[in-house]
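The values are calculated or read from the model by the stated rules, or taken from the named source; none is laboratory data. Quick caveat, the model's predicted, so the values are computed rather than measured. Every residue, glycine as well, gets a Cβ built from its backbone with ideal geometry; the counts of neighbours run over all protein chains shown.
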Amino acid sequence: MKERLDPSAAKLDNKFHCVTFILGEDLFGIQINSIREIIEFEGITQVPMMPNFVRGIINLRGSVVPVIDLSIRFGRAQTQLKPTTCVAILSLPGIESGYSDVGILLDAVCEVLEIPMEDIDPSPNFGTSISGDFIQGIATIKERFAILLNVQRALSVAELSAMAESVALLHFADDAEIG
């Protein structure tokens, strides 16, 4: 018998509310309460010495927001910018008990869905190039698998900060050896 996704993760109506989107050839979903807004892609300012999955920063009404390329974060090729490319702005629990805004590049947004919890399978132990820690569950939408992401794990602000710091330290160590 299959074990299902923990129903306590859903609201009282026992449904998983999510926004589905395309990344590469795959369909993904993110729980809607993590998404602050979705904006058109209008360019990014690249920041030197950041991990390759940090594509840069954007100015969102006076706030600096880092933009993550989920495709690279998941060990895939860089997201190719197209007319349908957009940025989802997520509000994630941050350092020091606040929230941090993080943008993620998406190839295209599909739709907002309510998926009954009983229709969501747990993340598989194999067969995906994405770490199982990032996957909250798998659902079938219109005869296609959708990977439901756990964005708190996939985009942990503390983890991303630690990675950026370690990359900077490695870069400085390499410079010291050369000089």
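When A154, A158, A168, A164 are screened for being of a type outside the set (D, E) and modelled with pLDDT of 60 or more, only A154 passes. Among the residues of segment 36-69, those that are over 11 Å from V87 (Cα atoms), touching a residue at least 40 places away in the same chain (Cβ under 8 Å) and not in a strand (DSSP E or B) comprise M49, M50, P51.
Conditions tested, residue by residue: (1) modelled with pLDDT under 80; (2) surrounded by fewer than 16 Cβ atoms within 10 Å (Cβ to Cβ); (3) not aliphatic (A, V, I, L, M).
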residue: G62; (1), (2), (3): no, yes, yes
residue: V67; (1), (2), (3): no, no, no
residue: L81; (1), (2), (3): no, yes, no
residue: T84; (1), (2), (3): no, yes, yes
residue: S97; (1), (2), (3): yes, yes, yes
residue: M117; (1), (2), (3): no, no, no
residue: P122; (1), (2), (3): no, yes, yes
residue: T128; (1), (2), (3): yes, no, yes
residue: Q136; (1), (2), (3): no, no, yes
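Can you name the condition, by its number, that G103 falls short on among (1) at pLDDT 90 or above; (2) among the small types (G, A, S); (3) not in a strand (DSSP E or B)? Against the list (1) at pLDDT 90 or above; (2) among the small types (G, A, S); (3) not in a strand (DSSP E or B), G103 comes up short only on (3).
Cβ-Cβ distances below 8 Å connect the following pairs, each with a first residue in segment 109-130 that is within 23 Å of A77 (Cβ to Cβ), a second residue that is among the aromatic types (F, W, Y) and modelled with pLDDT of 65 or more, and a separation of six or more residues or different chains: V109/F21; C110/F21; S129/F74; I130/F74.
Each residue in segment 15-46 was checked for being small (G, A, S) and more than 16 Å from I89 (Cα to Cα), and 1 pass. The selection criterion, being closer than 24 Å to R76 by Cβ, surrounded by fewer than 19 Cβ atoms within 10 Å (Cβ to Cβ) and modelled with pLDDT of 90 or more, holds for F145. When D6 is tested against (1) within 25 Å of F145 (Cα to Cα); (2) of a type outside the set (S, T, Y); (3) modelled with pLDDT of 90 or more; (4) surrounded by 12 or more Cβ atoms within 10 Å (Cβ to Cβ), only condition (3) is not met.
The residues listed here are T20, T79; of these, the one that is within 13 Å of A146 (Cα to Cα) and polar (S, T, N, Q) is T20.
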